[in-house]
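Q: My questions all concern the structure below.
The values are calculated or read from the model by the stated rules, or taken from the named source; none is laboratory data. Since the model is a prediction, treat every value here as computed from it, not as a measurement. For neighbour counting, all protein chains shown are included, and Cβ atoms are generated from backbone atoms with ideal geometry for every residue, glycine included.
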Amino acid sequence: MAQRHVVLPLAELPAGESRIVTVRGREIALFNLAGEVFALINRCPHEGAPLGLGLRVGLSESEKPGCYTHSRPGELVRCPWHGWEFDIRTGQSWCEPAKLKAKSFTASIEPGATVVKGPYVAESLPVSIEAHYVVVEL
């Protein structure tokens, strides 16, 4: 079962912006798309660039030369190193969709009263005293 982690107040992630947080040693890029939040690993699967620092762009498509349509504004993130684009909602690569995907995580917005309820379990570690040393087991 996946563990839930409260990472920041929604006020710190305004619509149209992104933030990088660390959860259990992993950098996660958070994105707010018009009030919906999405989370991707902050590592481009191509060569490891921080996706959370990438430019947010829309989708440009063409059925024939000279005719373009633009849609999904701000729903793709462009890798800051090589320009590879990933769908913020799914992590799917637009450069090599059959091979590459940025790992995505479930993210949600929840009222503070719900978050405070828990259930939360503090991580505890066995501790013992041997002679005059404190030993913590990890």
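Q: Anything in region 68-97 that is in a loop (DSSP other than H, G, I, E, B) and over 15 Å from the mean Cα position of the chain (by Cα)? List them, or say none.
A: Hits for region 68-97 are PRO80, TRP81, HIS82, GLY83, TRP84, TRP94, CYS95, GLU96, PRO97.
Q: Looking at region 26-41, which of its residues are over 11 Å from PHE105 (Cβ atoms) and not aromatic (Phe, Trp, Tyr)? So that I can check it myself, show each step before the final result.
A: The first filter runs over region 26-41 and keeps only residues over 11 Å from PHE105 (Cβ atoms), leaving 27, 31-36.
Once the filter is applied, which keeps residues that are over 11 Å from PHE105 (Cβ atoms) and not aromatic (Phe, Trp, Tyr), region 26-41 yields GLU27, ASN32, LEU33, ALA34, GLY35, GLU36.
Q: Could you tell me how many of the residues in region 1-45 are of a type in the set (Lys, Arg) and in contact with a strand residue (DSSP E or B) (Cβ under 9 Å, 6 or more places away or on another chain)?
A: 3
Q: Restrict the check to region 35-58 and report whether at least one residue is part of a loop (DSSP other than H, G, I, E, B), surrounded by 12 or more Cβ atoms within 10 Å (Cβ to Cβ), in contact (Cβ under 8 Å) with a residue 40 or more places away in the chain and out of contact with any Cys (no Cβ under 8 Å at 6 or more places or on another chain).
A: Within region 35-58 (the criterion being part of a loop (DSSP other than H, G, I, E, B), surrounded by 12 or more Cβ atoms within 10 Å (Cβ to Cβ), in contact (Cβ under 8 Å) with a residue 40 or more places away in the chain and out of contact with any Cys (no Cβ under 8 Å at 6 or more places or on another chain)), the answer is yes, since at least one residue qualifies.
Q: Answer yes if at least one residue in region 60-70 is at pLDDT 95 or above, under 24 Å from GLU96 (Cα atoms), out of contact with any Gly (no Cβ under 9 Å at 6 or more places or on another chain) and among the charged types (D, E, K, R), and no otherwise.
A: No, region 60-70 contains no residue that is at pLDDT 95 or above, under 24 Å from GLU96 (Cα atoms), out of contact with any Gly (no Cβ under 9 Å at 6 or more places or on another chain) and among the charged types (D, E, K, R).
Q: Sort out which residues of region 1-23 are at pLDDT 90 or above and of a type in the set (Lys, Arg), and write them in order of number.
A: ARG19
Q: Do you know which of the residues in region 98-124 that are modelled with pLDDT under 80 and assigned to a loop (DSSP other than H, G, I, E, B) is nearest to LEU51 (Cα to Cα)?
A: PRO111
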